[in-house]
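J.: Before we start, here is the structure in question, set down as structure tokens.
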Number of protein chains: 2
Amino acid sequence: MKAGAAALSGNVHADLPAHGAEEVFETLFANSVCRVERIVSFGHASPPGFWYEQAEDEWVVLLAGTAELAFDDGRRLALRAGDWVSLPAHCRHRVESVSQDAVWLAVHGRADLA
Amino acid sequence: MKAGAAALSGNVHADLPAHGAEEVFETLFANSVCRVERIVSFGHASPPGFWYEQAEDEWVVLLAGTAELAFDDGRRLALRAGDWVSLPAHCRHRVESVSQDAVWLAVHGRADLA
């Protein structure tokens, strides 16, 4: 992008989607190696028995609401607003529970580049 | 990192540094292509005439406080809590003003990889 290119901007708490049956993912920033997503959850836990196991490193911060993550070693992690978690690639985890109107930011960074 | 590796965690509003003469930068996550930093500012504007012009793409969100960014085309951007800005590599900008106890998250992603 050329020097001085216009900077995009917005507010992470603005324009929240209407309550729905699914979490809502929105990309706020992306380049070839990483992306930042806003995720709005309306009480959407991971389905029973479902585990995330991703090829990318992920860093998430909960900006509003509460949630509980579970890890496959049995650990649980209760999150409140402002709490962040670093989830290395292949770290199996699931969202055990999440409040209404939870707002997350997730940073995904490719893990396969030197 | 091996599967099931422990996930690091913390809170972006916790353990704020004591007020000081300089902004305080803390890396919350980093891999080979991107990193997430917490920046705590105590009213530290950019020095007169100083412009950031970075080789990396940057995405920032102001989590607490207020700030004003300036761009070299004369534009100003007032920020309040929750506001985010995407700053492409080489987008010249400066922090014109910032409140006490401002907390930023900055995501830096390498721009030189295909």
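The values are calculated or read from the model by the stated rules, or taken from the named source; none is laboratory data. Treat the numbers as computed from the prediction; the structure is a model and nothing was measured. Cβ: placed from backbone, ideal geometry, glycine included. Neighbour counts: every protein chain shown. Accessible surface areas use protein heavy atoms only, side chains included; no ligands, DNA or RNA. Shrake-Rupley method; radii C 1.70, N 1.55, O 1.52, S 1.80 Å.
J.: Can you give me the pair-distance distribution of chain A, C-alpha pairs, 5 Å bins, whole percents?
T.: Spelled out bin by bin, chain A gives 2, 11, 19, 23, 20, 13, 7, 3, 2, 0 percent.
J.: Can you sort A:Asp15, B:Asp83 by solvent-accessible area, 1.4 Å probe, largest first?
T.: Largest accessible area first, the residues go A:Asp15, B:Asp83.
J.: I would also like to ask the following. Could you calculate the contour length gain from B:Ala55 to B:Arg76, that is, 0.36 nm times the residue separation minus the distance between their Cα atoms, to one decimal place in nm?
T.: Values: separation 21, 0.36 × 21 = 7.56 nm, distance 2.17 nm.
The B:Ala55-B:Arg76 span can extend by a further 5.4 nm.
J.: Continuing with the same structure: So which residue, out of B:Ala21, B:Ala81, B:Ala55, gets the largest mean-square fluctuation from a GNM of chain B using Cα contacts under 10 Å as springs?
T.: B:Ala21
J.: Same structure, new question: Accessible surface of A:Thr66 in the full protein assembly, 1.4 angstrom probe, to the nearest 10 Å²?
T.: 80
J.: To the nearest 10 square angstrom, what accessible area does A:Asp101 show with a 1.4 Å probe?
T.: 70
J.: Quick check: with the 1.4 Å probe, what order do A:Glu58, B:Glu22 take by accessible area, largest first?
T.: Descending order: B:Glu22, A:Glu58.
J.: Next question, about the same structure. Given a cut-off of under 8 Å on Cα pairs at least six residues apart, what relative contact order in percent is computed for chain B?
T.: On the way: 241 pairs, mean separation 36.1, N = 114.
Answer for chain B is 32 percent.
J.: What gaps in nm, shortest first, separate A:Arg75 from its twins in the other copies when you place the label 7 Å past Cα toward the beta carbon?
T.: 4.2
J.: Give the cysteines in the protein assembly as shown for which no other Cys Cβ lies under 4.7 Å away, or write none if there are none.
T.: A:Cys91, B:Cys91 - these cysteines have no disulfide-compatible partner (Cβ-Cβ under 4.7 Å) in the protein assembly as shown.
J.: Hey, another quick one. Which distances in nm, rounded to one decimal and ordered from shortest, link the label point of B:Arg92 to the equivalent label points in the other identical copies, with labels set 7 Å from Cα toward Cβ?
T.: Copy-to-copy label distances at B:Arg92, shortest first: 5.3 nm.
J.: Please work out the C-alpha center-to-center distance from the range B:29-52 to the range A:1-76 and express it in whole Å.
T.: Taking the Cα centre of the range A:1-76 as reference, the centre of the range B:29-52 is 23 Å away.
J.: Using a 1.4 angstrom probe and counting only protein chains, how large is the accessible area of A:His13 in Å², to 10?
T.: Solvent-accessible area, nearest 10 Å²: 90 Å².
J.: Which semi-axes, in whole Å and largest first, does the equivalent ellipsoid of the protein assembly as shown have when worked out from the alpha carbon gyration tensor as the square roots of 5 times its eigenvalues?
T.: 30, 19, 17
J.: Here's another thing I want to ask about it. Got the A:Ala45 label distances to the other copies yet, label 7 Å along Cα→Cβ, in nm, shortest first?
T.: Here A:Ala45 shows inter-copy label distances of 5.1 nm.
J.: Using a 10 Å Cβ count of at most 15 others and DSSP loop calls, identify the longest part of chain A lacking such chymotrypsin sites (Phe, Trp or Tyr not before Pro).
T.: A:52-114
J.: What does the accessible area per residue of the range A:24-113 come to in Å², with a 1.4 Å probe and no ligands, DNA or RNA counted? Write out the running numbers ahead of the final one.
T.: Values: 3550 Å² over 90 residues.
So the range A:24-113 comes to 39 Å² accessible per residue, rounded to a whole number.
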